[in-house]
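**Q** Would you mind keeping the following structure in view while I ask a few things?
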Amino acid sequence: MGPATPAVLHNGRFFTSQGTGGRAHAFAECIVIDADGTIAHVGSLADPEVAQAEAAGAVRRDMQGRVILPGFVEGHMHLLRLGQSLQNVALDGCRSLAEIRDTIREYAREHPEVPRICCKGWMYAMLTEGEEASTELLDDLDPRPIYIDEKSLHSTWCNTAAVEEMGLQDLPDPQGGKIHRDPATGKPTGALAESAVMLVVWPHLAKVASMEEKLSALRGAIDSYTREGYTGAVDMAFDENMLEAVRELRRQDRGKLPIRLAAHWLITPRASAAENAAQVDRAIELWEEFKGESDFRIAGIKIIIDGIVDACTAALTEPYAANVVNGELLWSVADMVPLVRKADQAGLQCALHAIGDLAVRTAIDALEQGTIPSPSGESKRHRIEHLELTRPEDAARLGKLGITASVQPVHADPAILRAWPRLLGDAERCGRAFAYKEFADGGAVLALGCDAPTAPHGALKNIYTAATRRSAREPNLTQEETGGMENPRFALGLAAAVAAATAGSAYSCYLDRWAGRLERGLSADLAVVEMEWEAERLLEARVRETWFRGVRVYEA
């Protein structure tokens with residue numbers, strides 16, 4: 001990536017707004033970019049700053065009437081897993097076990113050269129009542145190991161060859177995870193959940209992948225993000241394997257990567273408080289190492305408190321209708337508070353995964369009890385991830401405590417929520433799903449992400465669902481077909497959704513020191529979009545260019 005050329009970008013609609021919520025949004029006529037790739041001016045072509053820049057050699061660039069937004073910042077993703085998943089078998093379009101099997105069988109037949117078959121996008125709702133993820137349903141498809149990521153990455157389904165390759169028969173369940181076994185024989189069934197995925201499956205697949213394969217996956221993921229207008233991202237499950245790969249990527253490509261990365265170090269449940277604390281110490285050590293870097297930094301720690309609604313593992317205050325269980329908390333407030341306090345006192349941010357309403361309440365309690373207020377009164381920008389089901393009283397606490405609401409509208413797409421009315425069985429509870437506007441109205445900063453590769457990472461489709469609460473996957477779905485899961489009262493305004501995907505996500509990881517808004521003194525990180533400024537028409541919108549530090553790094 002070469003140096004920036006001083007330029008005046010004009011004949012476009014340059015989005016500006018106040019703060020992180022899209023207030024008082026407007027469209028400037030032009031921006032001036034200096035030789036450092038920094039925005040030197042935002043305003044009108046008639047402004048004296050434009051004439052001064054042109055007199056000093058700045059060239060005019062015609063933006064062809066397009067909308068120019070700040071570069072998108074992916075508020076929650078998994079970079080290496082995304083890169084690997086781009087090469088995996090997509091099961092997202094499957095509706096049944098038969099379709100899953102046919103898709104895998106066809107891929108196996110067409111790719112005899114791959115050593116193992118890795119798939120993505122499976123959902124529990126694709127299996128009918130009485131069908132359970134097991135080796136028996138996969139073993140006749142191919143003799144090679146088969147790994148299937150559940151859409152949320154909280155579960156893995158594999159065949160016998162994969163069970164044997166990982167040595168699951170002799171492994172105990174890790175803390176906070178489950179290797180499902182036949183109750184009669186003790187033999188692994190091929191299903192793994194929660195920390196068993198992160199502590200067993202992911203390390204194994206990382207071990208068998210070469211460094212070149214990992215670097216190729218990382219570059220592929222970054223390229224995919226660049227094509228979608230992203231110039232920043234927050235990785236939410238960083239570990240030693242990912243660290244090793246990113247160190248090597250930065251060594252080889254430093255100064256060439258068109259994206260800024262922040263990462264949260266994954267804290268997994270261990271047998272003792274000392275072992276848990278040691279993981280936070282490692283995060284603090286890495287935070288110190290990368291402190292001050294603009295292209296990569298360890299932002300803080302990540303703790304996963306519960307599972308997902310589709311598997312009935314999200315922790316709820318009232319039982320699921322489907323099986324009369326509440327879902328289990330993976331961490332208690334008492335266990336989390338010392339970790340939150342240690343991270344907070346060292347200057348790290350805490351990101352707590354909480355999907356069910358009990359988990360959300362637990363997360364808020366842990367942050368409230370473990371955080372020492374800043375002397376200046378400024379938020380320390382701790383955050384809660386997902387927030388899919390919340391009680392009104394807990395939603396109101398987010399803004400009051402300065403907690404960022406890190407949300408993923410792609411998970412609110414009604415097309416993938418068809419099972420929720422059956423699982424939750426409560427129209428009132430379903431009616432509180434994904435209460436984004438309520439969070440914002442209560443004063444919480446929203447940070448939009450896509451949680452790739454658990455969902456498609458196109459920013460414009462993500463914003464579409466945030467602003468309309470309708471399906472980007474199946475736009476023609478009716479309310480009757482979705483069971484009323486749209487909840488339009490929680491839709492964001494278009495400007496608010498755009499701001500949450502740019503300024504809000506940048507704020508969430510302190511990237512706002514460098515980017516997130518079209519503002520003098522910030523980096524010229526831009527997404528050039530061909531669009532009409534209407535939420536209803538966002539599915540027609542297309543990213544035509546991406547700029548990073550004043551350099552065009554992608555052109556459609």
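The values are calculated or read from the model by the stated rules, or taken from the named source; none is laboratory data. Here the structure is a predicted model, which means the values were calculated and not measured. Note that we place each Cβ from the backbone using ideal geometry, even for glycine, and neighbour counts take in every protein chain shown. What goes into the accessible areas is simple: the full protein's heavy atoms, side chains included, and nothing from ligands, DNA or RNA. Shrake-Rupley method; radii C 1.70, N 1.55, O 1.52, S 1.80 Å.
**Q** Can you tell me the relative contact order of the chain? Whole percent, Cα pairs under 8 Å, sequence separation 6 or more.
**A** About 18 percent, as a whole number.
**Q** At 10 °C and 1.306 mPa s, what whole-number value in µm²/s does Stokes-Einstein give for the translational diffusion of region 346-391, with Rh from the Kirkwood sum over Cα pairs?
**A** Translational D for this selection: 142 µm²/s.
**Q** Using just the C-alpha positions of region 277-327 as equal point scatterers, what log10 of I(q)/I(0) does the Debye formula give at each q in 0.14, 0.25, 0.29 1/Å?
**A** -0.57, -0.85, -1.03
**Q** Under the √(5λ) rule applied to the eigenvalues of the Cα gyration tensor, what semi-axes describe the equivalent ellipsoid of region 115-219? Give them in Å, descending.
**A** Its equivalent ellipsoid spans semi-axes of 22, 16, 14 Å.
**Q** Report the local net charge at residue 179: Lys and Arg +1, Asp and Glu -1, summed over other residues whose C-beta lies under 12 Å from its C-beta.
**A** -1
**Q** Report, by chain and number, residues whose modeled amide H sits under 5 Å from the one on residue 119, excluding near sequence neighbours (fewer than 5 apart, same chain).
**A** Distant-sequence amide H within range of residue 119: 89, 147, 148, 149.
**Q** Starting from the coordinates of the alpha-carbon atoms of region 250-403, obtain the Kirkwood hydrodynamic radius over all distinct pairs and give the value in Å to one decimal.
**A** 16.5 Å
**Q** Go through region 516-522 residue by residue and turn each phi into a ³J(HN,Hα) via Karplus (6.51, -1.76, 1.60, θ = phi - 60°); whole Hz please, and just put x for glycine and proline.
**A** After applying 6.51 cos²θ - 1.76 cosθ + 1.60, I find x, 9, 8, 8, 4, x, 9 Hz.
**Q** Let me ask something additional. Give me, ordered by chain and number, the residues 5 or more places off residue 554 or on other chains with an amide H under 5 Å from its own placed amide H.
**A** Under 5 Å from the amide H of residue 554: 546.
**Q** Over region 390-507, what relative contact order in percent results from Cα pairs under 8 Å that are six or more residues apart?
**A** 35 percent
**Q** May I pose another question? Which net charge results when you count Lys and Arg as +1 and Asp and Glu as -1 among the other residues whose beta-carbon is under 12 Å from that of residue 30?
**A** Once all neighbours under 12 Å are counted, the net charge is -2.
**Q** Where the accessible area of the chain is counted over protein heavy atoms with a 1.4 Å probe, how much of it, in %, is carbon and sulfur?
**A** On the chain, the fraction of accessible area on carbon and sulfur atoms equals 49 percent.
**Q** In sequence order, what are the phi-derived ³J(HN,Hα) couplings for region 523-529 according to the Karplus relation 6.51 cos²θ - 1.76 cosθ + 1.60 with θ = phi - 60°, rounded to whole Hz, with x for glycine and proline?
**A** After applying 6.51 cos²θ - 1.76 cosθ + 1.60, I find 5, 7, 9, 10, 10, 9, 10 Hz.
**Q** Could I ask something else about it? About the Cα centre of region 248-330, how large is the charge dipole given +1 on each Lys and Arg Cβ and -1 on each Asp and Glu Cβ? Please answer in debye to the nearest 20.
**A** Taking the Cα centre of region 248-330 as origin, the dipole is about 440 debye.
**Q** Please list 307-313, 445-451 highest first by mean number of surrounding beta-carbon atoms within 10 Å per residue. Present the calculation step by step, with values, prior to reporting the outcome.
**A** Numbers: 307-313: 23.1, 445-451: 28.7.
Put in order of decreasing packing, that is 445-451, 307-313.
**Q** Per residue, how many Å² of accessible area does region 29-142 show with a 1.4 Å probe?
**A** Details: 5190 Å² over 114 residues.
That works out to 46 Å² for each residue.
**Q** Take the Cα atoms of the chain, find their three principal axes, and give me the spread along each one in whole Å, biggest first.
**A** 81, 53, 51
**Q** Once a ≥ b ≥ c are taken as the square roots of the eigenvalues of the Cα gyration tensor of region 400-452, is the result rounded (a/c under 1.5), prolate (a/b larger than b/c) or oblate (a/b not larger than b/c)?
**A** On the way: a/c = 3.14, a/b = 1.54, b/c = 2.04.
Oblate.
**Q** A follow-up question, please. Among 468, 479, 550, which residue has its Cα furthest toward the positive end of the charge dipole of region 441-556, with +1 on Lys/Arg Cβ and -1 on Asp/Glu Cβ?
**A** 550
**Q** Right, next: Suppose all protein chains stay in the model; what accessible area per residue would a 1.4 Å probe give for region 397-531, in Å²?
**A** 31 Å²
**Q** Got a sec? Charge dipole of region 28-93, +1 on Cβ for Lys and Arg, -1 for Asp and Glu; which of 43, 71, 28 is way out at the positive end?
**A** Going by the Cα projections, it comes out as 71.
**Q** Over 31 Å between C-alpha atoms is what I'm after, so list which of 187/461; 342/461; 151/437; 120/380; 214/437 land there.
**A** Flagged as over cut-off: 187/461; 342/461; 120/380; 214/437.
**Q** Moving on to the next point. Could you go through region 373-379 in sequence order and give the Karplus-derived ³J(HN,Hα) for each residue, using 6.51 cos²θ - 1.76 cosθ + 1.60 with θ = phi - 60°, rounded to whole Hz, and x for Gly and Pro?
**A** Karplus-based 3J(HN,Hα) across region 373-379 equals x, 5, x, 7, x, 6, 5 Hz.
**Q** Shifting gears a bit: Take the Cβ-Cβ distance between residue 55 and residue 26 as r, set R0 to 25 Å, and report the resulting FRET efficiency rounded to the nearest 0.05.
**A** With a Förster radius of 25 Å, E is 0.40.
**Q** Roughly how many debye, to the nearest 20, is the charge dipole of the chain about its Cα centre, given +1 on each Lys and Arg Cβ, -1 on each Asp and Glu Cβ, and no other charges?
**A** That gives a dipole near 1220 debye.
**Q** Placing +1 on the Cβ of each Lys and Arg and -1 on the Cβ of each Asp and Glu in region 240-298, which of 280, 269, 255 has its Cα farthest towards the positive end of the resulting dipole?
**A** Of the listed residues, the answer is 255.
**Q** If you don't mind, another one. Search the structure for amide H atoms under 5 Å from the amide H of residue 404, placed 1.01 Å from N in the peptide plane, and list their residues when 5 or more places away or on another chain.
**A** 382, 383, 384
**Q** Do any trypsin sites (Lys or Arg not before Pro) in region 261-348 lie in a DSSP loop with no more than 15 other beta carbon atoms within 10 Å, and if so, which?
**A** The qualifying sites are 291.
**Q** Taking the Cα atoms only, what angle lies between the long axis of helix 333-346 and the longest principal axis of the chain, rounded to 10 degrees?
**A** Orientation of helix 333-346: about 30 degrees from the principal axis.
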